[in-house]
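All remarks here apply to the structure that follows.
The numbers here are math on the coordinates, done by the rules we state, and not lab data. If you're wondering where the values come from, they're calculated on a predicted model, not measured in any experiment. Here Cβ is always computed from backbone atoms with ideal geometry, including for glycine, and neighbour counts include all displayed protein chains.
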Protein chains: 2
Amino acid sequence: MKENIGESLHKLMHHYRHQVRETAAKSGILIPVSHIRSLKCINKITNCSAKDIADRLSLDKSQITRVLKELVSSGYVEKIRSPDNHRSQLLSLTKRGSELLTRITMLDRVAAQNMTQNLTDQQIEDFIHISEIMVNNLNQSPFCDNHG
Amino acid sequence: MKENIGESLHKLMHHYRHQVRETAAKSGILIPVSHIRSLKCINKITNCSAKDIADRLSLDKSQITRVLKELVSSGYVEKIRSPDNHRSQLLSLTKRGSELLTRITMLDRVAAQNMTQNLTDQQIEDFIHISEIMVNNLNQSPFCDNHG
DNA sequence: GGTCTTAAGTTGACTGTGTCAACTAAGGTT
DNA sequence: AACCTTAGTTGACACAGTCAACTTAAGACC
């Protein structure tokens, strides 16, 4: 039975992505999921840099660069060079970006409620908790050597 | 808190995929995950057709066509026209395919054990169970209208 | 028998995601 | 100065997922 956990994950992820995209599309939001996730990071992390996003989302730097390029050119994000460290850059949401994120947050709430509608709060917490344990297992395993 | 379930999923999926690919690569298995998943379907479903795989994995028919083309050309899978229904086709593993799947199954077991190492059997069952409930929620939601 | 519809599979084109390697530029070290 | 590290950029590529148009085969119906 244990071995099927992978298929469960694939399936769940598939349907989850589907719903996120569909929900967003129905509200006229047509940007990809990775962009949405990046917006959330920028909002949450103070003085957010590209690296911060990459670390938090476990994504490649290059991917972030490309996402940011589009977010900036769409007017959702502003990029200014950090005054104290010219290697780094400070990311912040524009007014437009903030408004977009507000709408996304509302959609997220609805989507999460829909996805968890037959579950108790305890079950949801358990699920997230178990997920975290598994992520830890995977990170510390010999298979995945994160030098950090 | 509920809204973060999405990020948990993304993260878990990311690390899970990473491990699957890495584990396979270390054993010299260099085919993509979708191919592996398809092989498992063919093995599990008697008289498996392309559509069966697409349904079971919630993937597009076209994707399956392409996966099968490679699996056939690599000699892992055989494709014969169904005698009673010429629209359909019967898929079966070749000897090579069977051997490959055996190796994959062993790797899967190790990977699953690694991923679940600090979890009780009950927690694993709960996790799978909750996943299924969420998949059902997503399928039956107004967002995702599966006409089938 | 001849249309009409549906189902299975194929193909092409395209978007999004993830990864790798080579590179620039800035900062720190000695 | 020469050297190393870090943040970010760019190019190239593989994989994953989606959509629409198409072929071929079966079944339904007059």
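Seen against the Cα atoms of chain B and their longest principal axis, helix B:121-140 is set at about 70 degrees. Computed from Cα positions, the angle between helix A:5-26 and the longest principal axis of chain A comes to roughly 50 degrees.
Determine the shielding of peptide A:48-57 by partner chains: average, over its residues, the number of Cβ atoms on other chains within 10 angstrom of each Cβ. Walk me through the intermediate numbers first.
Working: counts 0, 0, 0, 0, 0, 0, 0, 0, 2, 4.
Mean shielding count: 1.
When the Gaussian network model of chain A links Cα atoms closer than 10 Å, the mean-square fluctuations of A:SER58, A:SER131, A:SER38 top out at A:SER131. Measuring from a point 7 Å past the Cα of A:GLU132 along Cα-to-C-beta, which residues in segment B:13-45 have an amide N at less than 19 Å? Residues B:13-16 fall inside that zone.
Distance from the C-alpha centroid of segment B:60-83 to that of segment B:91-145: 22 Å, rounded to the whole angstrom.
Inter-copy label distances at B:ALA25, shortest first and taken from points set 7 Å along Cα to Cβ: 3.2 nm.
If each residue's Cβ is checked for other Cβ atoms within 10 Å, how do B:VAL77, B:VAL20 rank with the fewest at the top? Intermediate values should be presented prior to the final figure.
Numbers: B:VAL77 23, B:VAL20 20.
Ordered from fewest to most neighbouring Cβ atoms within 10 Å, B:VAL77, B:VAL20 come out as B:VAL20, B:VAL77.
For a straight C-alpha distance cut-off of 26 angstrom, the lysines reachable from A:LYS40 (same-chain residues fewer than eight places away being disregarded) are A:LYS11, A:LYS26, A:LYS51, A:LYS61, A:LYS69, A:LYS79, A:LYS95, B:LYS2, B:LYS11. Among B:ARG87, B:ARG66, B:ARG17, the largest mean-square fluctuation in a Gaussian network model of chain B (Cα springs under 10 Å) belongs to B:ARG87.
Restricting attention to segment A:60-148, which GluC sites (Glu not before Pro) occupy a DSSP loop and are surrounded by at most 14 other Cβ atoms within 10 Å? Walk me through the numbers on the way to the answer.
Working: sites: A:GLU70, A:GLU78, A:GLU99, A:GLU125, A:GLU132; in loops: none.
Filter output for segment A:60-148: empty list.
In whole Å, what three semi-axes, largest first, describe the equivalent ellipsoid of segment A:2-117 built from its Cα gyration tensor (square root of 5 times each eigenvalue)?
Values: eigenvalues 158, 66, 26 Å².
Sorted largest first and rounded, they come to 28, 18, 11 Å.
Computed from point charges on the beta carbon alone (+1 for Lys and Arg, -1 for Asp and Glu), the dipole magnitude for the protein assembly as shown about its Cα centre is near 1180 Debye.
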